[in-house]
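**Student:** Would you mind keeping the following structure in view while I ask a few things?
The values are calculated or read from the model by the stated rules, or taken from the named source; none is laboratory data. Everything numeric here is computed off the predicted structure, so don't read it as measured data. Note: ideal-geometry Cβ built from the backbone for every residue, glycine included; neighbour counts use all protein chains shown. Note: areas computed on protein heavy atoms with side chains; ligands, DNA, RNA excluded. Shrake-Rupley method; radii C 1.70, N 1.55, O 1.52, S 1.80 Å.
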Amino acid sequence: MSGNRRTLHSALLELALTAVMLFVVATTVRWLLGTLDPAAGGWWNTPEGRLLAVAPLSGYTVTAVMLSPWGRVTGGHINPAITLAMWRYGRTPGRDVAPFIAGQLIGSLLGVAAGRLVWGPVFASPAVDFAVIRPAPGWSWAAVAVIEAATMFVIVAVAGIGVSSRRLGPFTPWAVGTMIAAQIIAFGTLSGGIANPAREFGPALLSGDLSLLPVYLLAPPLGALAATVVINGVVAHRRALARTPADRERAAAPQP
């Protein structure tokens, strides 16, 4: 398979995987957050209570995608920020970056549209509103940006440690899924807790609520790129320390 065909094939897989993820998100929001009844009382009828179920479903959906046969082909990024990070880590060719991101954003739209088709008018009701993310009252765009960038920084840093280590590599999908679940529980009722531009792209466009879309699109990639700078620097430093004196002498010697 030629390079261009391989890129197209992988980008279409990213589109399909992202669409599946967003449909799972849409379904989760429809049947959990969309059925809140505060008047009924009890911890289960609070946003915080429902997030205890939403978080692992969302986080380990990402793990399942990464471990799936199709995810193993592409890396199972389903997140533009992760694609940028894997490019900076040398795991994704530069020619794949734009097609992957385009596929992820289109997949986001298709997954949410499928949610609307399957779950009907209630999916567009105020209680669900296409699963769009909204921060808590009083949260400014700057505060949302800081949290989104910081959480993505941590996720990408841990992923970078995993992909650079043979021993830790097999645990990376589980670590990523766990961190996604943890940040949803910690920030889901505050900043939104998504750290994934594709998670908000489809819901925002179909709901028409674009007020914070630029923040959710830009902050996670900035956090991801910052993490790659740090981790790449640490890895390079460790490799330099591991080199023998003879290796350093050969590297410093004039080349003929």
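**Student:** Using a/c under 1.5 as the rounded threshold, could you call segment 68-167 rounded, prolate or oblate? The axes a ≥ b ≥ c are square roots of the C-alpha gyration tensor eigenvalues, and prolate needs a/b larger than b/c, oblate otherwise.
**Tutor:** Note, shape of segment 68-167 comes out oblate.
**Student:** Would you mind classifying the chain by shape? Square roots of the alpha carbon gyration tensor eigenvalues, ordered a ≥ b ≥ c; an a/c under 1.5 is rounded, otherwise it is prolate if a/b is larger than b/c and oblate if not.
**Tutor:** Prolate, because a/c is 1.5 or more and a/b exceeds b/c.
**Student:** Among 227, 219, 53, determine the one that fluctuates most according to a GNM of the chain built with springs between C-alpha atoms less than 10 Å apart.
**Tutor:** 53
**Student:** Springs between alpha-carbon pairs under 10 angstrom, Gaussian network model over the chain: which of 195, 114, 242 fluctuates most?
**Tutor:** Among 195, 114, 242, the largest mean-square fluctuation in the Gaussian network model of the chain belongs to 242.
**Student:** So, one more: Give me the 1.4 Å probe accessible area per residue for the chain, excluding ligands and nucleic acids, in Å². Intermediate results must be reported in sequence, preceding the final value.
**Tutor:** On the way: 12680 Å² over 256 residues.
About 50 Å² of surface per residue is accessible.
**Student:** Sticking with this structure for a sec: Please check which bits of segment 182-202 a label hung off residue 136 would reach, taking the label as a point 7 Å along Cα-to-C-beta and the cut-off as backbone N under 11 Å.
**Tutor:** Under cut-off, by backbone N: 186-192.
**Student:** Suppose a student asked you for the relative contact order of segment 50-167, using Cα pairs under 8 Å spaced at least 6 residues apart; what percent would you report?
**Tutor:** That works out to 15 percent.
**Student:** Under a plain spin-label model, where a point goes 7 Å from the Cα along Cα-to-Cβ, how far apart in nm are residue 209 and residue 232?
**Tutor:** 3.6 nm
**Student:** Report, in debye and to the nearest 20, how large the dipole of the chain comes out about its Cα centre when Lys and Arg carry +1 and Asp and Glu carry -1 on their Cβ. Don't jump to the answer; show the numbers that get you there.
**Tutor:** On the way: 18 positive and 10 negative charges, 211 e Å.
For this selection, approximately 1020 debye.
**Student:** Grab the beta carbon distance between residue 53 and residue 222, set R0 = 35 Å, and tell me the FRET efficiency rounded to 0.05.
**Tutor:** Computed FRET efficiency for residue 53 and residue 222: 0.70.
**Student:** Quick one: pull the percent of accessible area on the chain belonging to carbon and sulfur, 1.4 Å probe, ligands and nucleic acids left out.
**Tutor:** Carbon and sulfur: 70 percent of the exposed surface of the chain.
**Student:** Just to verify a number: what accessible area does residue 122 come out at with the full protein assembly present, 1.4 Å probe, Å² rounded to tens?
**Tutor:** Counting only protein heavy atoms, the figure is 50 Å².
**Student:** Cut-off 10 angstrom, C-alpha nodes, Gaussian network model of the chain. Which of 47, 221, 197 fluctuates the most?
**Tutor:** Looking only at 47, 221, 197, the biggest GNM fluctuation is shown by 47.
**Student:** Mind listing the long-range amide H neighbours of residue 125? Cut-off is under 5 Å, sequence gap 5 or more, other chains count too, H placed in the peptide plane at 1.01 Å from N.
**Tutor:** 130
**Student:** Per residue and in Å³, how big is the convex hull formed by the alpha-carbon atoms of segment 51-127?
**Tutor:** Value for segment 51-127: 119 Å³ per residue.
**Student:** For an R0 of 41 angstrom, estimate the FRET efficiency from the Cβ-Cβ distance between residue 102 and residue 37 and round to the nearest 0.05.
**Tutor:** Calculated transfer efficiency: 0.55.
**Student:** Right, next: Enter the angle in degrees (range 0 to 90, nearest 10) between the Cα long axis of helix 172-187 and the first principal axis of the Cα atoms of the chain, meaning the one along which they spread out most.
**Tutor:** With both axes taken from Cα atoms, the answer is about 40 degrees.
**Student:** Still on this structure, I have one more. Applying 1/(1 + (r/R0)^6) with R0 = 30 Å to the Cβ-Cβ distance of residue 189 and residue 68, what FRET efficiency is obtained, to the nearest 0.05?
**Tutor:** 0.50
**Student:** Keeping all protein chains in position, work out how much accessible area residue 140 exposes to a 1.4 Å probe, and write it in Å² to the nearest 10.
**Tutor:** We get 60 Å² for residue 140.
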